[in-house]
Amino acid sequence: MIEAIGLVKEYGDHVAVDHLNFTVEKGQILGFLGPNGAGKSTTMNMLTGYISATEGTILVNGYDMLEEPELAKKSIGYLPEQPPVYPDMTVTEYLKFVTELKKVPRKDREQEVERVIEVTQLQEMRNRLTQHLSKGYRQRVGIAQALIGNPEVIILDEPTVGLDPKQIIEIRDLMRSLAKEHTVLLSSHIMQEISAVCDHIMIISHGKLVLSGTPEELQKKANQGENLELEVLGTKEQVNGVLNSVASFKDVIEIPSEKENGYAVRIMSNEDVREALFFAFAKANLPIVKLVRNTKTLEDIFLEATSEAGEPVAEDKTQEESITEHMTKEAAEHDSDL
Amino acid sequence: MIAIYKKELRAYFNSIVGWLFLAFFFAFIGIYVYLYNLVSGSTYIGHALDSVNLMFMLLVPMVTMRIMAEEKHQKTDQLLLTAPISIGQIVFGKYLALITLTGIAMLMVCVYPLILAQFGIVNFAMSYMAIFGFFLVSCAYLAIGLFISSLTESQAFAAVMTFIVVLVTCLADGIANLIPGTAKAAWVTYSVIWLLLAVWMWRVMKNATVAIVVFALGECVLTAVYLAKGTLLEGTVEKVLGAFSIMSVYSETVSGVFELRMPIYYLSIAFVFCFLTYQNIRKRRYS
């Protein structure tokens, strides 16, 4: 449905999107995940033809965005970061204008406006000027606008920003129901949101794709990083002996023990062996003083993946350092003044 | 395109801007017709229209300042540019709305010769030609305003810039008369203009070296021409400035000489600035 091949966007020297490749299949809900400034909005703006790519090809519904922009754009409904509403129009007027803009046949226009108003539950606000709407309602008008004309592909840039929890749940349900007939692409910087709705997740950072897969695949990846922390009152030999009798663990790393006569290890294991360990050590008369299972959430995977690029963290640090430096300098000057 | 056209027209008449435009328009025309026709006892409306150019300074920025700038400011350009219509249709739809607004006003002006006919003999052919010419002048100015509005996100900036540009075109003849026709004056004038261009280049390209080199090269050529054959520059300032005087072509029409040059001149200006607007929006997608 959507195909992006070697997408690049450069702003002067700054590379906002760096050779991004991906495909979205029909009926899929794809989630774009990334911290602020990762290039999510830029990518979406390119996919919808608002800005053009420095390099690369975009195919929407089989149409090249560069060569057949009107046909490609016709298959897309887009909600940008900021809902593109005219403050001096009422909700109905605005949606009517969008039906005209998107070339909905004249006789279907009214019906189409009614349909999207119902789907996004804007009935009560229909005669209000959009400038008098709250952020959440304006967001809904933006979503309604994207649905007009029943486009095959719906692209939503942070659709739940500014909505209250009840509305968020409603919008999530709406997106799931949309996915039955449409292809949905949405972005967010919140992992839970993406994992709750999407059946495919793409994590991008610094304009690059760092991780991609279904939520299950990512969860599996997360599980691989599971470990157990074990602290036993006993010697190294005793502990290792018992451990080997339970199972042959591949990675057993010694970690400093808090107790004087204790011995602590970290065991990498995808399975939960706490029960077996408990009985084994009890049998050997070695008291376990600590047994913790560290699991990873998708959130951890996201944080790991996005900080792996490394650069921003380092940059932040230097900035912080320079700020503290500056502050101490200032303080010193201040002192000398006194 | 029709969607955009309807939206723009509705925006004018749903807000105060459209009505204010019409009110000011008729206030201006009314005053000038009173002075040039009723008081001085002339039945030819052309004299009034030819003198009313002051009106453009106020009314053109008023209607064009928001037309492009506001879309960018509100981010509604994201809706328009991702809709299945071309940039050309967007620009043309908007321009057409501007033309219609002025057209409505001009239609009302068409009544004036009929009123004047009550007081004497009116040359209807000349009068309506003058009105038609005036409409074409408006078309040209509105296209310029449209283009300036597309350059910025700020309505205020668009308004001020449009005001200045219209002012310069109105005063071009006057300024030209102030500058002596000698070669030396021409050399100084061109140097200043060239310097301003170089500064603009430096601002846009952010490359001081290129700007300085371009300025130095141009200045050398200019000085060489001045020193070697100063007579070439004599009287050219007046001609160059005269080219900016948009109203002067219209003045000839008013005096009763209708030439095909007049509509072609104004329609070319309108076309060029609509095209520049189109290119400007297109270019923005690449930056």
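Quick notes
- Of all the residues in the range A:55-69, those that are part of a strand (DSSP E or B) and loosely packed, with under 15 Cβ neighbours inside 10 Å number 3.
- The helices (runs of 4 or more DSSP H) found wholly in the range A:79-150 and carrying at least 3 residues that are closer than 22 Å to B:Ile67 by Cα and in the same structural domain as A:Thr43 (by TED's automatic domain parsing) occupy A:91-101.
- Per the listing A:Glu254, A:Glu258, the residue uniquely within 15 Å of A:Glu229 (Cα to Cα), among the acidic types (Asp, Glu) and surrounded by 12 or more Cβ atoms within 10 Å (Cβ to Cβ) is A:Glu254.
- A single member of B:Leu98, B:Leu80, B:Leu49 is crowded, with 20+ Cβ neighbours inside 10 Å, in contact (Cβ under 8 Å) with a residue 40 or more places away in the chain, assigned to a helix (DSSP H, G or I) and within 14 Å of another protein chain (Cβ to nearest Cβ), and it is B:Leu80.
- Matching residues in the range A:94-108 - criterion: being more than 8 Å from chain B (Cβ to nearest Cβ) and either surrounded by fewer than 18 Cβ atoms within 10 Å (Cβ to Cβ) or closer than 14 Å to A:Val141 by Cβ (or both): A:Tyr94, A:Leu95, A:Lys96, A:Thr99, A:Pro105, A:Arg106, A:Lys107, A:Asp108
- Checking each residue in the range A:40-60 for being within 12 Å of chain B (Cβ to nearest Cβ) and touching a residue at least 60 places away in the same chain (Cβ under 8 Å) picks out A:Ser41, A:Met44, A:Leu47, A:Thr48, A:Val60.
- Any hit, the range A:212-222, residues being at pLDDT 80 or above, assigned to a loop (DSSP other than H, G, I, E, B), crowded, with 16+ Cβ neighbours inside 10 Å and in the same structural domain as A:Val24 (by TED's automatic domain parsing): no
- First in the range A:12-24 and farther than 23 Å from A:Ile76 by Cβ, second anywhere and modelled with pLDDT of 85 or more and in a strand (DSSP E or B), Cβ under 8 Å, 6 or more apart: A:Val15/A:Val8; A:Val15/A:Lys9; A:Asp18/A:Val8; A:Asp18/A:Lys208
- Matching residues in the range A:223-251 - criterion: being in a helix (DSSP H, G or I) and open to solvent by less than 20 Å² (accessible area, probe 1.4 Å): A:Val239, A:Val242, A:Leu243
- Enumeration of residues in the range B:238-287 that are closer than 23 Å to B:Met57 by Cα, at pLDDT below 85 and of a type in the set (Phe, Trp, Tyr): B:Phe244
- Residues satisfying the stated conditions in the range A:71-82, i.e. within 15 Å of A:Glu152 (Cβ to Cβ), surrounded by fewer than 23 Cβ atoms within 10 Å (Cβ to Cβ) and at the interface with chain B (Cβ under 7 Å from one of its Cβ atoms): A:Lys74
The values are calculated or read from the model by the stated rules, or taken from the named source; none is laboratory data. Quantities reported herein were computed from a predicted structural model and do not represent experimental measurements. Cβ coordinates were reconstructed from backbone atoms using ideal geometry, including for glycine residues, and neighbour counts include every protein chain displayed. Please note that ligands, DNA and RNA were not included when accessible areas were found on the heavy atoms of the full protein model with its side chains. Shrake-Rupley method; radii C 1.70, N 1.55, O 1.52, S 1.80 Å.
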